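Chemist: After the C-alpha coordinates below, expect a handful of questions from me.
The values are calculated or read from the model by the stated rules, or taken from the named source; none is laboratory data. This structure is a prediction, so every number in the text was calculated from the model and none was measured. Here the Cβ positions follow ideal geometry from the backbone for every residue, glycine too, while neighbour counts run over all protein chains shown.
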Amino acid sequence: MRAFPEDEHLSHSDPSTGLPVGPRADRKRLPETFTPEQMLEAVLASVDNDKAEDIVQIDLRGRSDVADYMVICSGRSSRQVAAISEKLADRLKQTFGVSAKMEGKETGDWVLIDTGDVIVHVFRPEVRDFYQLEKMWLPAGQVVGARTL
(Lines give C-alpha, C1' and ligand atoms only; values in the text may rest on other atoms or scores of the structure.)
Protein backbone atom coordinates (compact mmCIF):
# COMPACT_ATOMS: atom_id res chain seq x y z
CA MET A 1 0.00 0.00 0.00
CA ARG A 2 1.23 3.49 -0.84
CA ALA A 3 1.93 5.95 1.93
CA PHE A 4 0.01 8.67 0.08
CA PRO A 5 -2.93 7.24 -1.88
CA GLU A 6 -3.73 10.69 -3.25
CA ASP A 7 -0.52 10.42 -5.34
CA GLU A 8 -2.49 8.22 -7.70
CA HIS A 9 -4.56 11.26 -8.64
CA LEU A 10 -1.72 13.68 -9.29
CA SER A 11 -1.39 14.83 -12.85
CA HIS A 12 1.74 14.30 -14.89
CA SER A 13 3.15 15.75 -18.10
CA ASP A 14 2.57 14.18 -21.49
CA PRO A 15 6.10 13.53 -22.83
CA SER A 16 5.13 14.45 -26.40
CA THR A 17 3.56 17.83 -25.57
CA GLY A 18 4.80 18.69 -22.08
CA LEU A 19 1.20 19.54 -21.12
CA PRO A 20 -0.20 18.42 -17.76
CA VAL A 21 -2.45 15.41 -17.94
CA GLY A 22 -4.11 13.27 -15.34
CA PRO A 23 -6.64 10.51 -15.03
CA ARG A 24 -9.69 11.75 -16.96
CA ALA A 25 -12.16 10.01 -14.67
CA ASP A 26 -10.87 11.96 -11.65
CA ARG A 27 -11.41 15.41 -13.19
CA LYS A 28 -14.11 17.49 -11.60
CA ARG A 29 -17.15 16.97 -13.81
CA LEU A 30 -20.29 18.96 -14.38
CA PRO A 31 -23.47 17.72 -12.76
CA GLU A 32 -24.99 14.81 -14.65
CA THR A 33 -27.64 17.06 -16.18
CA PHE A 34 -25.11 19.12 -18.17
CA THR A 35 -22.72 18.04 -20.90
CA PRO A 36 -19.44 19.68 -21.96
CA GLU A 37 -21.20 20.66 -25.20
CA GLN A 38 -23.93 22.51 -23.27
CA MET A 39 -21.23 24.31 -21.27
CA LEU A 40 -19.46 25.22 -24.53
CA GLU A 41 -22.67 26.63 -26.00
CA ALA A 42 -23.26 28.70 -22.86
CA VAL A 43 -19.69 30.04 -23.00
CA LEU A 44 -19.99 30.94 -26.69
CA ALA A 45 -23.35 32.64 -26.15
CA SER A 46 -22.03 34.63 -23.19
CA VAL A 47 -18.89 35.97 -24.88
CA ASP A 48 -20.86 36.75 -28.06
CA ASN A 49 -23.53 38.57 -26.03
CA ASP A 50 -20.81 40.71 -24.43
CA LYS A 51 -19.40 41.69 -27.84
CA ALA A 52 -16.19 39.66 -27.67
CA GLU A 53 -14.35 39.65 -31.00
CA ASP A 54 -12.62 36.94 -33.05
CA ILE A 55 -14.18 34.07 -31.10
CA VAL A 56 -12.43 30.75 -31.81
CA GLN A 57 -13.53 27.37 -30.49
CA ILE A 58 -11.01 24.51 -30.37
CA ASP A 59 -11.96 20.87 -29.81
CA LEU A 60 -9.44 19.32 -27.41
CA ARG A 61 -11.11 15.91 -27.07
CA GLY A 62 -8.54 13.21 -27.73
CA ARG A 63 -5.73 15.78 -27.76
CA SER A 64 -5.59 16.85 -24.12
CA ASP A 65 -6.95 15.72 -20.79
CA VAL A 66 -6.98 19.29 -19.50
CA ALA A 67 -10.43 20.06 -20.98
CA ASP A 68 -12.79 19.08 -23.78
CA TYR A 69 -12.89 22.50 -25.43
CA MET A 70 -10.97 25.76 -25.51
CA VAL A 71 -12.48 29.13 -26.42
CA ILE A 72 -10.27 32.09 -27.31
CA CYS A 73 -11.66 35.58 -27.84
CA SER A 74 -10.69 39.24 -27.60
CA GLY A 75 -12.03 42.35 -25.93
CA ARG A 76 -11.21 45.82 -27.24
CA SER A 77 -9.84 47.10 -23.91
CA SER A 78 -8.69 45.87 -20.51
CA ARG A 79 -12.02 46.96 -19.07
CA GLN A 80 -14.00 44.97 -21.66
CA VAL A 81 -11.77 41.89 -21.17
CA ALA A 82 -12.45 41.99 -17.41
CA ALA A 83 -16.20 42.56 -17.95
CA ILE A 84 -16.53 39.69 -20.45
CA SER A 85 -14.75 37.39 -18.00
CA GLU A 86 -16.72 38.44 -14.94
CA LYS A 87 -20.08 38.16 -16.69
CA LEU A 88 -19.14 34.73 -18.06
CA ALA A 89 -18.24 33.46 -14.59
CA ASP A 90 -21.48 34.87 -13.17
CA ARG A 91 -23.63 33.31 -15.91
CA LEU A 92 -21.98 29.90 -15.49
CA LYS A 93 -22.56 30.06 -11.74
CA GLN A 94 -26.25 30.93 -12.24
CA THR A 95 -26.90 28.43 -15.04
CA PHE A 96 -24.77 25.44 -14.07
CA GLY A 97 -23.85 26.08 -10.45
CA VAL A 98 -20.18 25.97 -11.49
CA SER A 99 -17.66 28.22 -9.75
CA ALA A 100 -15.17 28.84 -12.53
CA LYS A 101 -11.57 29.52 -11.57
CA MET A 102 -10.31 32.81 -12.97
CA GLU A 103 -6.81 34.27 -13.31
CA GLY A 104 -5.70 37.65 -14.65
CA LYS A 105 -8.85 39.69 -14.25
CA GLU A 106 -7.04 42.37 -12.24
CA THR A 107 -4.85 43.45 -15.17
CA GLY A 108 -7.34 42.72 -17.94
CA ASP A 109 -4.70 41.80 -20.53
CA TRP A 110 -5.33 38.05 -20.55
CA VAL A 111 -7.96 36.36 -18.41
CA LEU A 112 -8.05 32.59 -18.10
CA ILE A 113 -11.35 31.03 -17.01
CA ASP A 114 -11.33 27.33 -16.16
CA THR A 115 -14.81 25.79 -16.06
CA GLY A 116 -13.55 22.21 -15.91
CA ASP A 117 -14.64 21.05 -19.36
CA VAL A 118 -14.11 24.36 -21.20
CA ILE A 119 -11.05 26.57 -20.87
CA VAL A 120 -11.67 30.19 -21.91
CA HIS A 121 -9.00 32.76 -22.77
CA VAL A 122 -10.08 36.39 -23.10
CA PHE A 123 -7.35 38.66 -24.44
CA ARG A 124 -6.68 42.23 -25.40
CA PRO A 125 -5.85 42.02 -29.16
CA GLU A 126 -2.16 42.94 -28.74
CA VAL A 127 -1.61 40.29 -26.08
CA ARG A 128 -3.46 37.68 -28.16
CA ASP A 129 -1.28 38.44 -31.19
CA PHE A 130 1.83 38.07 -29.04
CA TYR A 131 0.96 34.65 -27.56
CA GLN A 132 -0.83 33.14 -30.59
CA LEU A 133 -2.55 30.32 -28.71
CA GLU A 134 -4.55 29.39 -31.79
CA LYS A 135 -1.33 28.57 -33.60
CA MET A 136 -0.35 26.20 -30.81
CA TRP A 137 -3.70 24.38 -30.54
CA LEU A 138 -5.40 24.41 -33.95
CA PRO A 139 -4.41 21.84 -36.60
CA ALA A 140 -2.00 23.21 -39.20
CA GLY A 141 -3.71 24.79 -42.19
CA GLN A 142 -6.95 25.60 -40.35
CA VAL A 143 -8.20 29.09 -41.16
CA VAL A 144 -8.86 31.54 -38.33
CA GLY A 145 -10.29 34.83 -39.43
CA ALA A 146 -8.18 35.98 -42.37
CA ARG A 147 -5.08 34.02 -41.31
CA THR A 148 -4.10 30.45 -42.10
CA LEU A 149 -2.21 28.78 -39.26
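Chemist: Which ones in segment 18-38 are modelled with pLDDT of 85 or more and surrounded by 14 or more Cβ atoms within 10 Å (Cβ to Cβ)?
Modeler: Pro36, Gln38
Chemist: A follow-up question, please. For segment 106-123, which residues satisfy the criterion of being without any contact (Cβ under 8 Å) to a residue 60 or more places away in the chain and not aliphatic (A, V, I, L, M)?
Modeler: Glu106, Thr107, Gly108, Asp109, Trp110, Asp114, His121, Phe123
Chemist: Going through segment 70-104 one residue at a time, which ones are free of Cβ contacts under 8 Å to residues at least 24 places away in the same chain and either crowded, with 18+ Cβ neighbours inside 10 Å or not in a helix (DSSP H, G or I) (or both)?
Modeler: Correct list: Ser99, Ala100, Lys101, Met102, Glu103, Gly104.
Chemist: Another question, then. Which residue, of Glu126, Glu41, Glu86, Glu53, is in contact with a Ser or Thr (Cβ under 8 Å, 6 or more places away or on another chain) and modelled with pLDDT of 95 or more?
Modeler: Glu53
Chemist: Something else: Is there a residue in segment 3-17 that is under 18 Å from the mean Cα position of the chain (by Cα), within 22 Å of Phe130 (Cβ to Cβ) and either modelled with pLDDT of 90 or more or not in a strand (DSSP E or B) (or both)?
Modeler: Yes, there is a match, as at least one residue in segment 3-17 is under 18 Å from the mean Cα position of the chain (by Cα), within 22 Å of Phe130 (Cβ to Cβ) and either modelled with pLDDT of 90 or more or not in a strand (DSSP E or B) (or both).
Chemist: What is the residue count in segment 64-83 for residues that are out of contact with any Lys or Arg (no Cβ under 9 Å at 6 or more places or on another chain) and either modelled with pLDDT of 90 or more or farther than 20 Å from Gln132 by Cα (or both)?
Modeler: Qualifying residue count for the region: 4.
Chemist: Within segment 43-56, restricting attention to residues that are assigned to a helix (DSSP H, G or I) and within 13 Å of the chain's Cα centre (by Cα), which residue is surrounded by the fewest Cβ atoms within 10 Å (Cβ to Cβ)?
Modeler: So, considering only residues that are assigned to a helix (DSSP H, G or I) and within 13 Å of the chain's Cα centre (by Cα), the one surrounded by the fewest Cβ atoms within 10 Å (Cβ to Cβ) is Leu44.
Chemist: List pairs: first in segment 124-138 and closer than 14 Å to Trp110 by Cβ, second assigned to a helix (DSSP H, G or I) and of a type in the set (Ser, Thr, Tyr), Cβ under 7 Å, 6+ apart or cross-chain?
Modeler: Going by the 7 Å Cβ cut-off, the qualifying pairs are Arg124/Ser78.
Chemist: Further question: How many residues are touching a strand residue (DSSP E or B) at 6+ places or on another chain (Cβ under 6 Å), outside any strand (DSSP E or B) and buried (at least 21 other Cβ atoms within 10 Å of the Cβ) if we restrict to segment 105-139?
Modeler: The total comes to 1.
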